[in-house]
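Below is one structure, written out as structure tokens; comments come after it.
The values are calculated or read from the model by the stated rules, or taken from the named source; none is laboratory data. Note that the coordinates shown come from a computational prediction; the quantities given were computed from them, not determined experimentally. In this analysis, Cβ positions are derived from the backbone assuming ideal geometry, glycine residues included, and neighbour counts consider all displayed protein chains. Just the protein is used for accessible areas: all its heavy atoms, side chains included, with ligands, DNA and RNA removed. Shrake-Rupley method; radii C 1.70, N 1.55, O 1.52, S 1.80 Å.
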Amino acid sequence: MKVNGKENILKQNVVLSDYLEQLGYRTDRIAVERNGLIVPRDSYKECVLSDSDTLEIVHFVGGG
């Protein structure tokens, strides 16, 4: 699987919410694109990732 342009081996399919938690992401502060399509936040627990997927994970940054 490719995540933010880097190859990552996914040994088995995993639910997106679990994958993000394993990587330490806070789901309220990110947006996820899977294979070119935005994944709605309320679908993270139903979205099953496979090794052939491409993810882009974007952090929201506040500032002033």
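The Cβ shell under 15 Å around LYS2 holds other residues with a net charge of -3, Lys and Arg each +1, Asp and Glu each -1. Gain on full extension, evaluated as 0.36 nm per residue between ASN4 and ASP42 minus their Cα-Cα distance, stands at 11.5 nm. Using the 1.4 Å probe convention, the accessible area of the chain works out to 72 Å² per residue with neighbouring protein chains retained. Using only side-chain charges placed at the Cβ, +1 for Lys and Arg and -1 for Asp and Glu, the dipole size of the chain relative to its Cα centre rounds to 140 debye.
Working from Cα pairs under 8 Å separated by at least six residues, relative contact order for segment 20-64 is 44 percent.
Taking only the Cα atoms of the chain, the radius of gyration and Dmax are 11.6, 42 Å.
Extension gain for the segment SER52 to GLN22, taken as residue separation times 0.36 nm less the Cα-Cα distance, is 8.9 nm to one decimal.
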